[in-house]
Every structure is written in structure tokens, then in C-alpha cells.
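Colleague: Before I ask anything, let me first share the structure, which is written out below as C-alpha cells.
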Amino acid sequence: MPLSLDTDTKLAAYAHPARLVTTDWLASHLGDPDLVVIESDEDVLLYHTGHIPGALKVDWHLDLNDDTTRDYVDPEGFAAMCSARGITRDSTIVVYGDNFNWWAAYALWVFSLFGHEDVRLLDGGRAKWVAEGRAMTTDATETTPSDYPLVPRDDATIRAFKDDVLAQIGNGPLVDVRSPGEYSGELLHMPDYPQEGAQRGGHVPTAKSVPWKRAANDDGSFKSADELRAIYGDEQGLKAGDDVITYCRIGERSSHTWFVLTHLLGFDHVRNYDGSWVEWGNAVRVPIEKPYVDA
Amino acid sequence: MNGALPPKLQGIVDEFVEVDRTERLDLLLEYSRDLPDLPERLQGVELERVHECQTPLFVQTEVEGDTVHLFFAAPDEAPTSKGFAGIVHAGLDGCTIDEILATPSDFAAGMGLAGVISPLRMRSVGAIMARVKRQLVERAMA
């Protein structure tokens, strides 16, 4: 049985309020047998320093990515990951994480590739929960393994590949959510982040620069529906019927924007290009725009 | 002279190898908790940042006679980076310059951590070692 929806008024103004919960809602539903709470972080140890009571860890490297091919887990891998955590096809999943929910949004997106029906994001993520002084624990979460079914991964609807991006140039909007320095080609990686090995800097021709952070408040929560419409609609000219592709460096920050466009603003067809700049900036002969001029 | 690890560091590597996968994470967490805070005299001082770590980590070396002291700063929200720094600190603080320069920067490859935290994240250790060694070499040449 899916859990009730959060009727918070801020959430109600979004296109798909069912995809988000507030910290209040989560606090009052912890322990519900149909709820599975998942923490998905950038720092692989952070969960172990303390997590929301009952939460289970999903690591993007180890649990969501294939360990050989640069791809996501296959249906067997996904089913095994879910089964080990007691997740059933009917579970209501709430995901939260560090760093503005980047990896939480990424995990939600991967669950969506496998068509998991009821998966929601905790607005504000780990930071907001902690800042509000809510319960955290280092107690291990007990689970009873389930038997999650094998379901195909749908790579066509919300996922874009390099060829899709090539075909998009001149035909539909591309949204580059990286920092201005990465977009211009001045930087080959995020400011203060590791070099992820791109040979070339710049952006995909025609891509708009809309850094992911513009959608977030400083406490980690999403901006209001009106604020988001002003940015992506009025300012950037994106429309709900557009076929949009988002990208960043390896697909985590663009999952955040994918979530904003799809679930908060109700765009029907947004795809996340998970290959992102680490693929594009290394691919031979793909077109690149580079406004930055090296000194 | 590359190859052998200083005894304390070898002991830590052995400690990781001897436990199972889950315990390795717990052990890394212990090292993150055991990393000493920066001494007061270094607080507020601009330290060298290890950019290859996904979360902020800063490193400073000091040499007293022939003995090297290592100092690290990382936020509590970055336990993995702190854990790596804690291992390097516990294994190499108090060693000589030559011992540290002779320590293979990829020593952590033999700790059995790649499978529990992913190989990509293991790069941080090499990055820390590279900064430590470079600071020592630069000081020797100054």
C-alpha cells in the first residue's frame, strides 16, 4: 500500500507533489512497514556516522552502477539491490542525501529507469533534517529480504545517450547545469572537485547554462514553484511540452535539474544525459563551443 | 628503496586486510574519528588543499630535526576523506623524510577497500601522498 501524500502547501504548488515529502511528513511516517527510507550520499561513509532511523544506504558507485561497463545495473542487479533492502514493487521509497540531494536525485532517477512507481525525494535532504535537530542514529537497520521482480530498464524515456545529444543540437533545448567556469571551458571539472578526466572544456553547442544550484535554497530544499517557473520558463524560455536534455559532468547534478523540470514543473519529456561532460569532453570529433579563451 | 612500508603503516594495512568487508568500513570510520584536530597555531592558516578528494581536505607537513609531522583538516561531513587522512597520519606521522618519500603512494591499493568504497574514491589516498611528498621535497630543496 503506498503511503498517503504529503499535503504541505509548498509541495502542492509543484506539478507532481507526490514526488516529494517534507521533513515533517517523514518524521511522522518513520516506522511504517510500507515505507523504505534510503540515504544516498556522495561520501560513502557519511551514512555510517549517523542516519535517519530506519534508513538504508544505497551507494551510487557500488549499488547503482555496473562495476565493469560504464552503465547502470541490469534488472538482476537492481532486483538484488532492492531485495537485499526489503523493497517490494509496492514500497513507498523516500530518498535523501548529502550535498543538496544530488545523489538522492540520481538514485531516484535510477529507480525511475526501472519504473518503480512510488519513489519520493525528501525536500532539503540530509542537511535540512540535521539542521532541524531531528533524530539520527548509528543503529543498524534491520531488514527482511524481499523478492523484488526482474523489471526491464527503460533507457529511452528519461535517459539520453551521446547520439541523442548530437541529434538534439539545433532541434531542441539542452540544459548544461554545471558551474559557469565549466560551461565556458575555463575549468575541466567542478570548482574544488577532482579532475574527472575530460580532454576538452566547453559545452555542447546551443546548450543553455542554468547551474543546478539555481533551483535550490541554501538549506538544501527546492525553490518554490513560482520561483522555478520564473527561472526555467520566463527567463530560459523552456516550455512544459519541450523535449529537453540535461547534462553535467557525470549525471548527478543534472539528475537534480531533471527532477526539477520533470516533477516540480511538470515537463513531459526530459532526459538526463548521464554520459555528460566526462563522455562528451573525451569523445572524438563531437562539436564543442568554448567561449573561454586560454591566456 | 621503494616497496617496504614503515612498520606502523604496514600494521594498519594488515589490520584492514585481516577483517571482512563491513568491518573495513567501520575501521575507516574509526580512523576518521581518530584524526587529530589541527593544533591551534595552524587554525586559520591557509593550508594546501587536496583537490582530488571529493570533499575538502587540507594537508600541512612540518619537519622537526629529521622527524615529519603531518596535519590535516577536513569537515566532519567528509568522513571518507578524514578516514584516509587518519590512516596516513597514524601510519606516517613521526617517520623520517626518507621513510615517507620511500613509501609507495599507492600503498592503499593493498587494503581491500576498493571493493567497499569503489576504486575511484581510492584515488584520494594517492593524492594525499603526492601532496605530502611534494611538500617535503620542496622543503628539502628550499
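Colleague: Run the accessible area of the stretch A:164-295 with a 1.4 Å probe and give the carbon-and-sulfur part as a rounded percent.
Modeller: Ligands and nucleic acids excluded, carbon and sulfur reach 49 percent.
Colleague: Between A:D176, A:D63, A:D163, find the one with the highest GNM mean-square fluctuation for chain A; connect C-alpha pairs within less than 10 Å.
Modeller: Result for chain A, Cα springs under 10 Å: A:D163 fluctuates most.
Colleague: Calculate how steeply helix B:21-34 sits against the longest principal axis of the alpha-carbon atoms of chain B, using the helix alpha-carbon long axis, and give the answer as 0 to 90 degrees to the nearest 10.
Modeller: 30 degrees
Colleague: Sticking with this one: By its C-alpha gyration tensor, with a ≥ b ≥ c as the square roots of the eigenvalues, how is the stretch A:86-200 shaped: rounded for a/c under 1.5, else prolate for a/b larger than b/c, else oblate?
Modeller: Oblate.
Colleague: Continuing with this model, one more query. What is the angle, in °, between the Cα long axis of helix A:102-113 and the longest principal axis of the Cα atoms in chain A? Nearest 10 is fine, range 0 to 90.
Modeller: Computed tilt is about 80 degrees.
Colleague: For B:E99, what charge total do you get from the other residues with a beta carbon under 12 Å from its beta carbon, if Lys and Arg give +1 and Asp and Glu give -1?
Modeller: After counting each charged neighbour, the total is -1.
Colleague: Which order do you get for B:E62, A:E182 if you rank them by accessible area with a 1.4 Å probe, largest at the top?
Modeller: Most to least solvent-accessible, the answer reads B:E62, A:E182.
Colleague: Moving to a separate point now. Quick check on the stretch B:73-142: take the gyration tensor over C-alpha atoms, sort the square-rooted eigenvalues as a ≥ b ≥ c, and tell me if it's rounded (a/c under 1.5), prolate or oblate.
Modeller: Details: a/c = 2.11, a/b = 1.63, b/c = 1.30.
Taking the square roots of the gyration eigenvalues as a ≥ b ≥ c, the stretch B:73-142 is prolate.
Colleague: Just from its helices, what would the mean residue ellipticity at 222 nm be for chain B, if runs of 4 or more DSSP H residues each count -39500 (n - 2.57) and the sum is divided by every residue, rounded to the nearest 500 deg cm²/dmol?
Modeller: Working: 6 runs with 73 residues, N = 142.
Roughly -16000 deg cm²/dmol at 222 nm, from the helical runs in chain B.
Colleague: Further question on the same structure: Helix B:119-141: angle to the longest alpha-carbon principal axis of chain B, degrees 0 to 90, nearest 10?
Modeller: 20 degrees
Colleague: Ok, one more. I'd like the residues of the stretch B:60-96 whose 1.4 Å-probe accessible area shrinks by no less than 20 Å² going from the isolated chain to the full set of protein chains.
Modeller: The answer is B:E77, B:P79, B:T80.
Colleague: Please compute, for the alpha-carbon atoms of the stretch B:1-105, the extent along each of the three principal axes and give them in descending order in Å.
Modeller: 39, 36, 22
Colleague: Something else about it: Among B:83-95, A:17-29, B:7-19, how do they line up by average Cβ neighbours within 10 Å per residue, starting with the highest?
Modeller: Peptide ranking by packing, descending: B:83-95, A:17-29, B:7-19.
Colleague: In the stretch A:17-56, which residues give up 10 Å² or more of accessible area once the other protein chains are added, compared with their chain alone (1.4 Å probe)?
Modeller: Buried-area filter returns A:E42, A:D43, A:V44, A:L45, A:L46, A:H48, A:T49.
Colleague: Of all accessible surface on the stretch A:1-56 at a 1.4 Å probe, what whole percent is carbon and sulfur?
Modeller: Looking at the stretch A:1-56 in its full context, I get 59 percent from C and S.
Colleague: On to the next question. When every alpha-carbon pair in the stretch A:223-292 is counted, what percent end up more than 20 Å apart?
Modeller: Percentage above 20 Å: 37.
Colleague: So in the stretch A:1-125, what percent of DSSP beta bridges are antiparallel if you round to the nearest 5?
Modeller: Numbers: 1 of 13 bridges.
The answer is about 10 percent antiparallel.
Colleague: Considering the Cα trace of the protein assembly as shown, what is its radius of gyration and what is Dmax, both in angstroms?
Modeller: That works out to 22.8, 70 Å for Rg and Dmax.
Colleague: Quick check of the Kirkwood formula: for the stretch A:179-295, what is the inverse mean of 1/r over all pairs of different Cα atoms, in Å?
Modeller: This gives a value of 14.8 Å.
Colleague: Something else about it: Percent antiparallel among DSSP beta bridges with both residues in chain A, to the nearest 5?
Modeller: Values: 4 of 28 bridges.
Percent antiparallel among DSSP bridges in chain A is about 15.
Colleague: Please give me the summed charge of the neighbours of A:P149: other residues whose Cβ is under 12 Å from its Cβ, Lys and Arg +1, Asp and Glu -1.
Modeller: -2
Colleague: Before anything else, pin down the relative contact order of the stretch A:1-69: Cα pairs under 8 Å, at least 6 apart, normalised by residue count, whole percent. Walk me through the intermediate numbers first.
Modeller: On the way: 49 pairs, mean separation 16.7, N = 69.
About 24 percent, as a whole number.
Colleague: How many Cβ atoms of partner chains, on average, are near each residue of B:112-125 if near means within 10 Å of its Cβ?
Modeller: 3
Colleague: What part of the accessible area of the stretch B:85-128, given as a whole %, is carbon or sulfur when the probe is 1.4 angstrom? Please report the intermediate quantities before stating the final value.
Modeller: Values: 810 of 1360 Å².
Reported share for carbon and sulfur atoms: 60 percent.
Colleague: Still on this structure, I have one more. At a probe radius of 1.4 Å, figure out the A/B buried accessible area, summed over both chains, and give it in Å² to the nearest 100.
Modeller: On the way: alone 12570 and 7610 Å², together 18490 Å².
Heavy-atom accessible area buried at this interface is about 1700 Å².
Colleague: Right, another one. Using 15 Å as the cut-off for backbone N distance, which residues of the stretch B:95-117 belong to the label zone defined by a point 7 Å from the Cα of A:T69 along Cα→Cβ?
Modeller: none
Colleague: Compute and list, largest first, the equivalent-ellipsoid semi-axes of the stretch A:73-140 from the alpha carbon gyration tensor, each √(5λ) rounded to a whole angstrom.
Modeller: Three semi-axes, in Å: 24, 14, 10.
Colleague: Could you report the accessible area of B:T96 in Å², rounded to 10, computed with a 1.4 Å probe on the protein chains as they sit in the structure?
Modeller: That residue has around 40 Å² of solvent-accessible surface.
Colleague: Would you rank A:K162, B:K82 by solvent-accessible area, highest first, keeping every protein chain in place and using a 1.4 Å probe?
Modeller: On the way: A:K162 60, B:K82 25 Å².
Largest to smallest exposure gives the sequence A:K162, B:K82.
Colleague: Still on this structure: So what is the 222 nm mean residue ellipticity for chain A from helices alone, if each DSSP H run of at least 4 adds -39500 (n - 2.57) and you divide by all residues, rounding to the nearest 500 deg cm²/dmol?
Modeller: -5500 deg cm²/dmol
Colleague: A follow-up question, please. Ignoring ligands, DNA and RNA, what accessible area per residue does the stretch B:37-129 give at 1.4 Å, in Å²?
Modeller: 40 Å²
Colleague: Can you tell which of A:T144, A:T257, A:T157 shows the greatest fluctuation in a Gaussian network model of chain A with Cα springs below 10 Å?
Modeller: Evaluated over chain A, the most mobile residue of the options is A:T144.
Colleague: Which order do you get for A:F78, A:F100 if you rank them by accessible area with a 1.4 Å probe, largest at the top? Before the final figure, lay out the partial values.
Modeller: On the way: A:F78 0, A:F100 50 Å².
Sorted by accessible area, descending: A:F100, A:F78.
Colleague: With a probe of 1.4 Å, find how much accessible area the stretch A:188-295 has per residue, and write the answer as a whole number in Å².
Modeller: 40 Å²
Colleague: Which whole-number percentage describes the relative contact order of the stretch B:85-142, with Cα contacts under 8 Å and a sequence gap of 6 or more?
Modeller: 37 percent
The values are calculated or read from the model by the stated rules, or taken from the named source; none is laboratory data. Please read these numbers as outputs of a predicted model, since none were measured by experiment. Cβ atoms come from the backbone with ideal geometry, glycine included; neighbour counts cover every protein chain shown. For accessibility, only protein heavy atoms count, side chains too; no ligands or nucleic acids. Shrake-Rupley method; radii C 1.70, N 1.55, O 1.52, S 1.80 Å.
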